[in-house]
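Q: One structure follows; several queries about it will come next.
The values are calculated or read from the model by the stated rules, or taken from the named source; none is laboratory data. These figures come from a predicted structure and were not determined experimentally. Please note: Cβ atoms are built from the backbone with ideal geometry, for glycine as well, and neighbour counts cover all protein chains shown.
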Amino acid sequence: MSVLGYKCPSCAGTLLFESESQQMKCPFCDSEFDVKELGCIEDPGTLDPDVFKMDSRELDPEESEGMVLYSCPSCGGEIVGDSSTAATFCLFCGNTAILTNQLTGMLRPNLVIPFKITKAQAEKALKTFYQGKTLLPSMFHQENRLECIRGIYVPFWLFDCETHASIRYKATKVSVWSDSNYNYTKTDYYNLYREGDVGFERLPADASSKMDSAYMESIEPYDHKEADEFNMAYLSGFFADRHDVSSDDAKVRADQRVRSSVVSLFQSTCTGYSSCIPESTHVKFSHGKICYALMPVWMLNTKYEEKIYQFAMNGQTGKFTGNLPVSWPKFFLWFFSLFFAVGLIGTLIVLMI
């Protein structure tokens, strides 16, 4: 397996993709180059001797399970990855190492959405995410510390499909009125029918078993108009994984999301009723297409009271998600305050009546 590193023509430093300028930039001499200009050197053979083959040293069977060794194209240091690592960093010199064999042939992505959010912006967004969280422990701002922040190109399968759906509902309209003697309730029953076609384009499904699919879905959507034809140069300066979830496995989740979206869309048309319960639902899929793409994600880990809290950020749009600790004393104070307020309002209403 070969390892690729982009060298600056001016000073031989390692070129990195810069999110702000969308250019390849040398951190040593500040030279900038267009990503498209570097497409011609994606063939590792043209970079010799800056490309090294996989280290032949053998590991202990237990030590080597799931691990692969590479040699850094800059310093020759040993890089440890796993079977799905596509881009990483050398621990010795800090330079990017793009593992080209992980991204060729059937493993080569069709599209990539480049990073637009910088590392500094991601760190600032994390602090902003803390703001206004009423139940957050008082000392969290002072005592939590950022343990790790990584820009990762996460693999996704993108699905195109057409659906034809038909749904029957049992609906009701409830009317209530009264006179001087009685209170009246009238319930009218209706049979509703909805049928139509809904198309989906580039519906994403996480193709990495390492990533939490719930996190990946919560930072959607991506603007696919900014997707570009895959170019390895975009990976320089970031981590990247290749897919280890097959398109067939990902399709199961994609179909569930499509079905849920269709049902929700049809339900939104059933307005003006007191209740609307689906009795039968049929969703037929057709004309499916699949595309393989890499999407930008910032993963941030903070540590507070010996516990790690993980956050994810859309590297294109800045949408943020994550779990925060809860101060239970604050929670119970909030709960009983709310309970007391509701009780007080109820008492006042009764007294006024």
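Q: Somewhere in the stretch 234-246, is a residue of a type outside the set (A, V, I, L, M, F, W, C), farther than 30 Å from G151 by Cβ and either in a helix (DSSP H, G or I) or touching a residue at least 40 places away in the same chain (Cβ under 8 Å) (or both)?
A: no
Q: Suppose we keep only residues that are small (G, A, S) and without any contact (Cβ under 8 Å) to a residue 24 or more places away in the chain within the stretch 17-32. Which one would you say is surrounded by the most Cβ atoms within 10 Å (Cβ to Cβ)?
A: S31
Q: Among the residues of the stretch 101-130, how many are within 21 Å of D223 (Cβ to Cβ) and among the hydrophobic types (A, V, I, L, M, F, W, C)?
A: 7
Q: Residue check: is I117 in a loop (DSSP other than H, G, I, E, B), of a type in the set (V, I, T) and farther than 18 Å from A254 by Cα?
A: yes
Q: Does any residue of the stretch 194-213 turn out to be part of a helix (DSSP H, G or I) and either touching a strand residue (DSSP E or B) at 6+ places or on another chain (Cβ under 7 Å) or at pLDDT below 90 (or both)?
A: Checking the stretch 194-213: at least one residue is part of a helix (DSSP H, G or I) and either touching a strand residue (DSSP E or B) at 6+ places or on another chain (Cβ under 7 Å) or at pLDDT below 90 (or both).
Q: Another question, if that's okay. Condition test on W157, is it surrounded by 13 or more Cβ atoms within 10 Å (Cβ to Cβ), modelled with pLDDT of 90 or more and hydrophobic (A, V, I, L, M, F, W, C)?
A: So W157 fits the description; yes.
Q: Testing T88 on (1) at pLDDT 70 or above; (2) of a type in the set (S, T, Y); (3) in a loop (DSSP other than H, G, I, E, B), one condition comes back false. Which one is that?
A: Checking T88 against (1) at pLDDT 70 or above; (2) of a type in the set (S, T, Y); (3) in a loop (DSSP other than H, G, I, E, B), the one that fails is (3).
Q: Right, something else. Can you pull out the residues in the stretch 300-319 that are surrounded by fewer than 19 Cβ atoms within 10 Å (Cβ to Cβ) and either of a type in the set (K, R) or under 12 Å from the mean Cα position of the chain (by Cα) (or both)?
A: K303, K307, T317, G318, K319
Q: Which of the residues that make up the stretch 224-233 are touching a residue at least 40 places away in the same chain (Cβ under 8 Å) and surrounded by fewer than 16 Cβ atoms within 10 Å (Cβ to Cβ)?
A: Selection gives E226, D228, E229.
Q: Step by step: first the residues of the stretch 203-223, then only those that are touching a residue at least 24 places away in the same chain (Cβ under 8 Å), among the aliphatic types (A, V, I, L, M) and out of contact with any Cys (no Cβ under 8 Å at 6 or more places or on another chain), then the one that is farthest from R253 (Cα to Cα). Which residue is that?
A: Selected residue: I219.
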